[in-house]
Structures are given as structure tokens and as C-alpha cells.
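Below: one structure, written as C-alpha cells.
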Amino acid sequence: MAGTTRDRQYGKCEWVGHEFSVVDTGGWVVNSDDVFEEEIRKQVTLATEESDLILFLVDVKNGVTDLDMQVASILRRTKMPIILCANKTDDNNDRYGAPEFYSLGLGDPVCVSAATGSGSGDLLDLIVEKLGPEKPVSEEEERIPRFSVVGRPNVGKSSIINAFIGEDRHIVTDIAGTTRDSILTRYDKFGFDFFLVDTAGIRRKNKVSEDLEFYSVMRSIRAIENSDVCILMIDATRGIEGQDLNIFQIIQRNNKSLVVVVNKWDLVEDKSQAAIDHFRNAIYERLAPFTDFPIIFASAVTKQRIFKVLETAKEVYLNRKRRVTTAKLNEEMLPLIEAYPPPSIKGKYIKIKYCSQIVDTQIPTFVFYANLPQYVKEPYRRFLENKIREHWDFCGTPINIFIRQK
């Protein structure tokens with residue numbers, strides 16, 4: 001379907017020992033009915049300005065079009081190396097249409113087929129040759145964390161990422177569903193270094209009418225699965241709704257850390273402390289029993305408290321990696337367990353003698369060793385979790401509690 005790609009989509013490619021980034025842009029259109037036309041053209045221009053090499057794709061089956069001529073006239077004025085790719089060369093007969101593209105004045109057309117993969121190896125060889133020797137890149141030992149910005153459509157996810165990075169990299173309109181792909185951006189300013197992931201808005205299943213949106217939602221869910229911290233955006237003008245709860249449940253099921261951002265705070269008339277407390281309590285009530293997460297009232301348009309969002313997301317990520325020594329854990333928890341032991345069942349007394357934190361787990365995981373682990377119920381596990389949270393800062397991150405046989 002024409003017009004599917006809107007934002008710039010970034011990907012990594014590795015070929016014969018060389019690694020480079022590939023940027024997919026929206027189709028270049030002039031005088032169409034698409035309201036996104038001007039924004040897409042702006043994104044194409046931005047992508048070409050920051051690239052080292054341009055691949056100009058043309059359609060062999062359609063031949064040279066007026067739009068091809070317009071784009072070619074712009075590209076001829078750039079000093080960037082350009083490779084003219086004659087796409088949809090699916091069989092040998094299609095190759096006879098390629099010489100027509102010499103009229104664009106951009107050199108030899110390279111025949112490729114995205115559908116069958118034909119000619120892709122020759123194209124990659126040419127790309128590596130044109131890019132020249134790679135610049136030395138220092139190896140990064142640590143895995144860079146991923147922060148996904150998620151929420152319902154039109155809550156300001158792309159706007160807040162544009163505010164973070166200080167440029168209009170993501171298309172923003174008032175139309176719900178503008179973002180369709182999950183878009184990855186490296187953020188390494190002001191002492192931060194992580195990936196920001198902008199996602200498509202997630203609507204209820206019965207509201208998803210077109211196939212494109214279904215795949216957008218699937219990509220958003222996959223982005224949640226692959227992230228470390230999820231920044232859940234809530235619209236201040238609409239409050240917390242049922243769909244926000246559904247997204248929260250997806251985050252919780254995948255054991256991801258959470259920061260809640262109440263966006264569009266500049267549009268709220270009553271900004272008193274009482275209003276903030278009421279809003280905060282409403283969120284905690286709806287998302288209970290997990291209530292140990294930060295809530296930030298911000299505005300992507302006025303940039304109010306947006307830096308606080310990044311700081312908090314980093315703190316929550318560090319909490320996720322927090323380790324408590326076994327000695328310290330037993331010193332704090334065993335007296336509490338002795339004072340408030342698990343309730344006896346059928347005349348049997350449950351004794352917890354020892355506890356420790358398991359290392360190398362996705363989220364902080366604690367094991368308590370008891371004589372009768374099968375009799376320790378969920379309310380007591382929650383009691384243990386709350387006591388751990390009181391003594392150590394695990395704000396924003398879920399905790400696993402296991403009771404095992406001593």
C-alpha cells in the first residue's frame with residue numbers, strides 16, 4: 001500500500017566484515033491528497049543530509065516517471081555519492097527496461113529485486129566500495145539500555161522524543177496513528193547513553209480496523225518485550241483510561257520497569273498540589289497492587305520536566321540492576337520475619353531461616369528458604385516484597401519472590 005512508511009526507519013547491515021546503518025524513508029510524493037506529504041518530504045531531506053551514501057530506488061516495471069525526474073534533479077545537485085537502484089527486476093526480461101534510467105544522469109542503474117533478493121549481493125558490494133574504509137569504532141562492553149515510550153494513540157509519544165533529541169526526527173500530527181513503526185534513536189547527550197524507542201499507539205483490538213495498524217500494534221508490543229524501561233504516557237486532559245491499564249498489563253507481564261508520564265500538563269487548568277495528588281492517587285488505585293513507580297507531570301510542547309523523565313528512567317534502570325548482599329539481606333529481613341512469621345496452617349508452623357538474592361536475573365529476584373514452602377500464600381509474599389522495597393530502592397522495577405524448600 002503506497003504511503004505506508006512515514007518516519008525514517010533505521011536498521012543495521014553487515015556485509016563482508018563491514019557494518020553500516022541503513023535508513024528507510026517515506027516515498028517522495030508531490031501534489032497528493034496525503035496530509036503527511038510535506039512532513040515525509042522533510043524527513044527524506046533530513047535523512048539525505050545526514051547520510052554518507054544515497055540509494056535512489058526506481059521501478060523498472062513503471063519506467064521513468066515525472067517524480068523520478070524531479071528527485072533526480074535534486075540529487076544531481078548534491079555532492080553525495082549516489083547509487084541508482086532499478087528495483088523490481090524480478091526476472092531477466094525486466095532487465096531490458098533498466099537502460100531507460102540512464103536518462104536520469106545518475107550513472108549505471110544496478111538491477112535488484114527486493115522481492116526475490118536478486119542482485120542484492122552486487123548492490124552490497126558496491127555500497128561497501130563507495131563507502132570506503134570503515135572508521136575505527138571502539139567496542140562497547142556494556143549493553144546499552146533501551147527505553148520504550150508507549151501509550152494510547154495521540155498522547156504525545158513522538159512529540160516527547162522530538163523534545164528529548166532537540167530535532168523533529170519523528171512526524172507529529174493531531175491524527176491518531178501517525179507513527180506506524182517502532183523507531184530506534186540513540187541518545188547520548190548530557191551524560192546519558194541509551195536507545196529511545198518510539199512506538200505506535202496501542203488501541204483496543206475492536207478499534208483496530210486496518211491491517212497496517214494491526215502490524216503497528218504488534219511492533220509496539222515487540223518493542224515493550226525488547227526494552228528495559230517502559231515510559232508509559234498518559235493524556236492529562238483525558239485521565240487514566242481502560243486502554244492505559246491494558247498497556248500496563250503488557251508491561252507487567254513482560255517484567256519491564258516502569259515510569260509513568262502524565263503528558264499535556266500545560267493544558268490542565270488546575271495545577272495545584274491537591275490536583276496533582278488526586279491524579280497521582282487515581283493512577284496508583286487503578287494500577288494496584290504494583291504502586292512503587294514514579295509519576296512525572298510533564299509537557300512535550302513546553303518541554304516542562306522532560307529532562308526529569310530521562311533522569312528518572314535512568315534511575316529506574318539502575319534500580320533494576322541493584323544487588324543486595326546476602327549478609328545485609330538476612331540482617332534486615334530475618335528479624336522482621338521472626339516478628340511477623342507466616343500464619344500457621346493446619347497446626348503447622350512455617351519457619352523461614354535464610355534468604356538471598358539470585359544474581360544474573362532479568363529483574364531483582366529473592367529466594368526465601370522455608371521448611372514448608374507450599375503453605376506460604378500470596379499475601380505473605382507481598383508482605384516480604386513490601387519490606388524489601390522499604391529497605392532498598394527498587395522504585396519502578398518489579399521484584400520476584402520465591403519460597404523454596406530449606
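Considering the stretch 352-368 alone, what residues qualify as being under 17 Å from Asp393 (Cβ atoms) and not hydroxyl-bearing (Ser, Thr, Tyr)?
Gln357, Ile363, Pro364, Phe366
Within the bounds of the stretch 357-371, is there any residue that is over 30 Å from Leu232 (Cα atoms), open to solvent by 20 Å² or more (accessible area, probe 1.4 Å), outside any loop (DSSP other than H, G, I, E, B) and in contact (Cβ under 8 Å) with a residue 12 or more places away in the chain?
Yes, the stretch 357-371 contains a residue that is over 30 Å from Leu232 (Cα atoms), open to solvent by 20 Å² or more (accessible area, probe 1.4 Å), outside any loop (DSSP other than H, G, I, E, B) and in contact (Cβ under 8 Å) with a residue 12 or more places away in the chain.
Among the residues of the stretch 340-356, count how many are more than 19 Å from Arg382 (Cβ to Cβ) and open to solvent by 40 Å² or more (accessible area, probe 1.4 Å).
7
Take the stretch 300-326 and flag every residue that is open to solvent by less than 20 Å² (accessible area, probe 1.4 Å), modelled with pLDDT of 90 or more and outside any helix (DSSP H, G or I).
Selection gives Val324 alone.
Looking only at residues that are among the aliphatic types (A, V, I, L, M) and open to solvent by less than 30 Å² (accessible area, probe 1.4 Å) in the stretch 219-239, which one is nearest to the chain's Cα centre (by Cα)?
Ala223
Here is a yes/no grid of residues against (1) at pLDDT 60 or above; (2) in contact with a helix residue (DSSP H, G or I) (Cβ under 9 Å, 6 or more places away or on another chain):
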| position | (1), (2) |
| --- | --- |
| Arg146 | yes, yes |
| Arg152 | yes, yes |
| Ile160 | yes, yes |
| His170 | no, yes |
| Phe190 | yes, yes |
| Leu212 | no, no |
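Which ones in the stretch 81-100 are of a type outside the set (D, E, K, R) and surrounded by 12 or more Cβ atoms within 10 Å (Cβ to Cβ)?
Across the stretch 81-100, the qualifying residues are Pro81, Ile82, Ile83, Leu84, Cys85, Ala86, Asn87, Thr89, Gly97, Ala98.
Since Val128 meets every condition but one in (1) in a loop (DSSP other than H, G, I, E, B); (2) in contact with a His (Cβ under 9 Å, 6 or more places away or on another chain), which condition does it not meet?
(1) is the only condition that Val128 fails.
Mind listing just one residue for me: the one in the stretch 214-251 that is modelled with pLDDT of 85 or more and among the hydroxyl-bearing types (Ser, Thr, Tyr) and, of those, nearest to Val155 (Cα to Cα)?
Thr237
Kindly list the number of the only condition in (1) touching a residue at least 12 places away in the same chain (Cβ under 8 Å); (2) part of a loop (DSSP other than H, G, I, E, B); (3) not aliphatic (A, V, I, L, M) that fails for Pro341.
Checking Pro341 against (1) touching a residue at least 12 places away in the same chain (Cβ under 8 Å); (2) part of a loop (DSSP other than H, G, I, E, B); (3) not aliphatic (A, V, I, L, M), the one that fails is (1).
For Arg404, state whether it is open to solvent by 50 Å² or more (accessible area, probe 1.4 Å) and in a helix (DSSP H, G or I).
So Arg404 fails the test.
Answer yes or no: is there a residue in the stretch 84-103 that is part of a strand (DSSP E or B), of a type in the set (Val, Ile, Thr) and at pLDDT 90 or above.
no
Read through the list (1) farther than 18 Å from Leu258 by Cα; (2) open to solvent by 50 Å² or more (accessible area, probe 1.4 Å); (3) assigned to a loop (DSSP other than H, G, I, E, B); (4) not hydroxyl-bearing (Ser, Thr, Tyr), then give the number of the only condition that Asp393 fails.
Just one mismatch for Asp393, condition (1).
Tell me, which residue of the stretch 273-299 that is in contact (Cβ under 8 Å) with a residue 12 or more places away in the chain and small (Gly, Ala, Ser) is most open to solvent (accessible area, probe 1.4 Å)?
Ala282
The values are calculated or read from the model by the stated rules, or taken from the named source; none is laboratory data. As the structure is a computational prediction, the values presented were derived from the model and not from experiment. When we count neighbours, we look across all protein chains shown, and the Cβ atoms used for this are built from the backbone with ideal geometry, even at glycine. Heads up: the accessible areas ignore ligands, DNA and RNA and are worked out on the full protein's heavy atoms, side chains in. Shrake-Rupley method; radii C 1.70, N 1.55, O 1.52, S 1.80 Å.
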